[in-house]
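The values are calculated or read from the model by the stated rules, or taken from the named source; none is laboratory data. Every value quoted in this text rests on a predicted model; they were computed, and no experiment measured them. With ideal geometry, Cβ positions are generated from the backbone for all residues, glycine too; neighbour counts draw on all protein chains shown.
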């Protein structure tokens, strides 16, 4: 009987998963935009900068060899999923676009955002900046999203013309077919920008660690998907540029000696949205900030403690950067390979300073008719992907961004 109930519950959960395509009716590409090239922006979550060579991702090595390959790409701080995916499509640091963590607190709203809370994920008031698909649609160029952070919210009142709410129920083979179907639409209905997200090898990296055979297998799976996707797209005969990125890397941590919550922190006096590779403390009473900071500083071992007002400059994550006032008053950051946990931590983590912990660094490959061939470039910051894609699509940037066009301009033909 219990098994039957569990199966019914599972079936109910499956039925609740939204796997339908959402289409905003009444839009079409302008005549001028129909002449523009195409970009597919692909993210493989947690695909560390060295994974392609380390695990011999043959297709990615071949394709990037025919295009552009960066030594690595520097994620923004903190090096976690939601902030960095949204940085890639806005050209803004997390402190400027507002997604300052996978989970965070907004004192003005008196509410918390979490990547697992669908109502928050789809609420545009949490997001700043102008995502690439919004920029494209504003200029009468159609966009499509097979998942990306922010694509489920109507930012500036605009969603991509074609989009899916995030779910892992749609098989990868079907996702590839969907992209081909989009590119097979009539010219006035065909998206010129497509975002395409893969959740591996992040899951494998967290569970088994970056050195594990399971992670190697996940990298090979991603490599195979990219090969299948490029073959499907090639059959359309369209001038498509591929930009393959990741949000962050992955590192092994000390699983045997996790750091407990420091005793100086009284959880009743602070709102603490998350911990792991950062404890973010919002004081309920501002008078508690300095005494707790000073005690944490005195006890400082295997972690660094900062006031929001004195964060390292290269983090772009301080009081003066904090446009939406969402960064905590005190930030406690463990020193690699330590993490905060009240139980045995997982095998792989990210979130550390990517300038200090190279394992945090991400991947950037790009290939296609608009890009140079056989070009290797040095490490660059991920805020610069946005202006590159706007150049490939010949879109005009209207807002001030942190990325600079000149950083990657030389990769264009």
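Quick notes
- Within region 25-44, if we keep just the residues that are in contact (Cβ under 8 Å) with a residue 60 or more places away in the chain and assigned to a helix (DSSP H, G or I), the residue that is farthest from residue 385 (Cα to Cα) turns out to be 34.
- Screening the candidates 404, 394, 398 for the property of being surrounded by fewer than 16 Cβ atoms within 10 Å (Cβ to Cβ), farther than 18 Å from residue 244 by Cβ, modelled with pLDDT under 95 and assigned by TED's automatic domain parsing to the domain that holds residue 79 yields one hit, 398.
- Of the residues examined, residue 285 is not one that is surrounded by 18 or more Cβ atoms within 10 Å (Cβ to Cβ) and either over 20 Å from residue 210 (Cβ atoms) or in contact (Cβ under 8 Å) with a residue 24 or more places away in the chain (or both).
- Residues located in region 364-400, provided they are over 26 Å from residue 231 (Cα atoms) and under 17 Å from the mean Cα position of the chain (by Cα): 380, 381, 382, 383, 384, 387
- Single unsatisfied condition, residue 383 versus (1) more than 21 Å from residue 248 (Cβ to Cβ); (2) in contact with a helix residue (DSSP H, G or I) (Cβ under 8 Å, 6 or more places away or on another chain): (1)
- Scope region 299-330; condition on the phi < 0 side of the Ramachandran plot and touching a helix residue (DSSP H, G or I) at 6+ places or on another chain (Cβ under 7 Å); matching residues: 305, 307, 317, 318, 319, 321, 322, 323, 327, 328, 329, 330
- Among the residues of region 130-144, those identified as buried (at least 23 other Cβ atoms within 10 Å of the Cβ), outside any helix (DSSP H, G or I) and touching a helix residue (DSSP H, G or I) at 6+ places or on another chain (Cβ under 6 Å) are 131, 141, 143, 144.
- Subset tally (residues that are touching a helix residue (DSSP H, G or I) at 6+ places or on another chain (Cβ under 9 Å) and free of Cβ contacts under 8 Å to residues at least 12 places away in the same chain) for region 110-129: 2
- Residue within region 187-199 that is out of contact with any strand residue (DSSP E or B) (no Cβ under 7 Å at 6 or more places or on another chain), closer than 12 Å to residue 51 by Cβ and in contact (Cβ under 8 Å) with a residue 40 or more places away in the chain present: no
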